[in-house]
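Presented below is the structure to which this report refers.
Only the coordinates and a few stated rules stand behind these numbers; no lab work does. These figures come from a predicted structure and were not determined experimentally. Glycine gets a Cβ as well: all are built from the backbone with ideal geometry, and neighbour counts include every protein chain shown.
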Amino acid sequence: MRSLTLTAPAKINLLLHIAGDRPDGFHELVMVMQSIDLADTVTVAERREAGIGLTCDRPNVPTDASNLAWKAAELMQKRFPDDAKKHGGIAIDLQKRIPMGAGLAGGSADCAAVLVGIDLLWDLGLTQVELQGLAAELGSDISFCVAGGTALCTGRGEIIDPLPELDSLYAVLAKYQDLPVPTPWAYKTYRSEFGPTYPATATELDRRLEQLRTGAMMSAIVRGDAAAIGAGLHNDLEKVVLPHYPKIQQLRDAFAQTDSLGVMMSGSGSTVFALAQSLEQAGAIALAMQNKFSDPTLEFWVTKFCHSGVQLVNE
């Protein structure tokens, strides 16, 4: 039976602004997302049995219909029933390197890889825009994970505008194994604390969105100004996550004392990262942090920015 193996890179946020409320109950977001070379390996294969089978090398990852990778396969079977009948069931295997509950879009990246993998496996010939449209039906970060690179992400995060590549920068990541942050909790808490400050009218919201879309970070990326990118890092969710999770605040404070371009929490957490301009600088930052913390549950990764999302490894 035919099979394909793909890499599914994680992402970090260089910018995360919550602009206000949407009629559908979600938030209007203005984000800059960046792919990094910390990646899961996803294998998608035909199988003789009907339906979907999912395996994973991490026992704490669900292997049923609650997993986004499963949902991606299910969506493709429903959307392309003739092809599903022709090719039979789908077997998915996840080899995880991206930690869970980390604000790194590990589940979204796996989901995107399954969409791309089935498109190739069934020879559907879908365009990137079509794949991103399917991805948007499943979650907010998945559309970005399909193409990856550096992008301005708006709406719920599903509207993707590519930005100039930043593949010469590095990020040192730190995350406690036993400290996830539930994304729904983070956004709900932000709304409860800061909802009164949201724009009151559609006109005010549009004005706010335009300000955020054309801010200093976008200018820094266009110029390729690493120092300005580091100085411009911003994440609104830090306002609610850091006070509730002192260990994440401690990580951030410790990173801030290193020789980095800038420090921030990614997404809703719990990963904190520091930017570096070279592998040597990133390695020095990681070593300084490892010497400061002796907790065996605290993990570090030295990663490089990359200019693509899901990639085919072999078939």
List the chymotrypsin sites (Phe, Trp or Tyr not before Pro) within region 233-315 that fall in a DSSP loop (any state other than H, G, I, E or B) and whose Cβ has at most 11 other Cβ atoms within 10 Å. none
Please name whichever of T183, Q34, L205 sits farthest to the positive end of the charge dipole of the chain, dipole taken about the Cα centre and charges placed at Cβ: Lys and Arg +1, Asp and Glu -1. T183
For region 206-261, report the % of Cα-Cα distances exceeding 13 Å. 69
With +1 on the Cβ of every Lys and Arg and -1 on the Cβ of every Asp and Glu, the dipole magnitude of the chain about its Cα centre, in debye rounded to the nearest 20, is 360
Over the chain, what is the relative contact order in whole percent, taking alpha-carbon pairs under 8 Å and six or more residues apart? 26
Computed P(r) (all Cα pairs; the chain; 10 Å bins; percent): 6, 27, 33, 23, 9, 1
What FRET efficiency do you get for E280 and A216 if R0 is 25 Å and r is their Cβ-Cβ distance, rounded to the nearest 0.05? 0.35
Once the Cα atoms of helix 279-292 and of the chain are each reduced to a long axis, what angle between those two axes, in degrees from 0 to 90 to the nearest 10, is obtained? 70
Place +1 on the Cβ of every Lys and Arg and -1 on the Cβ of every Asp and Glu in the chain, take the dipole about the Cα centre, and give the residue among V114, H244, L6 whose Cα lies farthest towards its positive end. H244
Please tell me the relative contact order of region 2-42 in percent, rounded to the nearest whole number, where contacts are Cα pairs under 8 Å and at least six residues apart. 51
For region 247-315 and region 151-185, write down the distance between their C-alpha centroids in whole Å. 13
Can you tell me the length gained on complete extension of the stretch S308 to D37, counting 0.36 nm per residue apart and subtracting the Cα distance? 96.6 nm
Chain lengthening between R47 and A200 when straightened (0.36 nm per residue, less Cα-Cα): 49.8 nm
If each residue of separation counts as 0.36 nm, what is the full-extension length gain between S66 and D21 once their alpha-carbon separation is subtracted? 13.5 nm
With the chain treated as a Gaussian network of Cα nodes joined by springs under 10 Å, which of E46, E28, E193 yields the largest mean-square fluctuation? E193
Tell me the angle of helix 183-194 to the major Cα principal axis of the chain, expressed in degrees between 0 and 90 and rounded to the nearest ten. 40
Helical contribution to [θ] at 222 nm, DSSP H n ≥ 4, -39,500 (n - 2.57), averaged over the chain, rounded to 500: -11000 deg cm²/dmol
Roughly how big is region 47-185's charge dipole about its Cα centre, with Cβ charges of +1 (Lys, Arg) and -1 (Asp, Glu), in debye to the nearest 20? 360
In whole Å, largest first, the alpha carbons of region 196-315 cover along the principal axes 50, 41, 36
Could you give the angle, 0 to 90 degrees to the nearest 10, between helix 246-256's Cα long axis and the longest principal axis of the Cα atoms of the chain? 70
3J(HN,Hα) from dihedral phi, region 217-224, Karplus parametrisation 6.51/-1.76/1.60, rounded to Hz, x for glycine, proline: 5, 4, 5, 5, 5, 4, 7, x
